Amino acid sequence: MLNENIKIRRKAKGMSQEELATKLNISRQTLSKWEKGLSVPDAEILIRIADALDTSVSELLGEACSSEVDKDTIKTIAAKLEILNQQYAKSREQKRKIWRVVSIALAILGIVYLVDRVWTAGTIFRAMTNPHLGADTGAQIIRPDIPNSLYAMLVLLCARMILPPMVICTIAAIGIYKTKMDA
């Protein structure tokens, strides 16, 4: 409700987010978060928003307008803002926990997938360098009886096999880092 009221009042005044943010001495992104309902302003800024939009704090909060604002009204508004902040914080924490679990599961899946792909690539490589498959004795990495193009294909195959799980692990690691607990 607060987010919609700020947006409606701002548009009614013909102001852009950038103009209102400059007038309030805040970033446009902060104002955008308020208008999207991702966070709420504190009581002091809410009063400044109401002044900038020529409205009352009560109207921004969706209440009927009264001509006088007393201390009890300000306390009530501050209490409502505190409740909204707690609700947003709880919602953000729940989302963070969900994304953390998803990231950890993705990391486990990526690691298992990577181990499997490395094992498979190693098996192919061992088969190609096996001295018993050709006339040569002793293990050689490049055997003369195997064309270079086949080695190139092996390298591309291994890269194709190993790259996707490495990307998955990297994305999972970023997710785990981004969802870590703030100390």
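Let's see how each residue does on (1) within 29 Å of E35 (Cβ to Cβ); (2) modelled with pLDDT of 75 or more; (3) charged (D, E, K, R):
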residue	(1), (2), (3)
S67	yes, no, no
N85	yes, yes, no
Q94	yes, yes, no
V118	no, yes, no
A135	no, no, no
D145	no, no, yes
R160	no, yes, yes
P164	no, yes, no
I176	no, yes, no
Within the bounds of the stretch 69-83, is there any residue that is assigned to a loop (DSSP other than H, G, I, E, B), touching a helix residue (DSSP H, G or I) at 6+ places or on another chain (Cβ under 9 Å), exposed (fewer than 11 other Cβ atoms within 10 Å of the Cβ) and at pLDDT below 75? no
Having 1 or more residues that are of a type in the set (D, E, K, R) and under 26 Å from R92 (Cα atoms) is the bar; report the helices (runs of 4 or more DSSP H) wholly within the stretch 15-62 that clear it. 17-24, 28-36, 43-52
How many residues does the stretch 154-183 hold that are surrounded by fewer than 16 Cβ atoms within 10 Å (Cβ to Cβ) and not aliphatic (A, V, I, L, M)? 7
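The values are calculated or read from the model by the stated rules, or taken from the named source; none is laboratory data. Every value quoted in this text rests on a predicted model; they were computed, and no experiment measured them. Don't worry about glycine lacking a Cβ; one is built from the backbone with ideal geometry, like all the others, and counts go over all protein chains shown.
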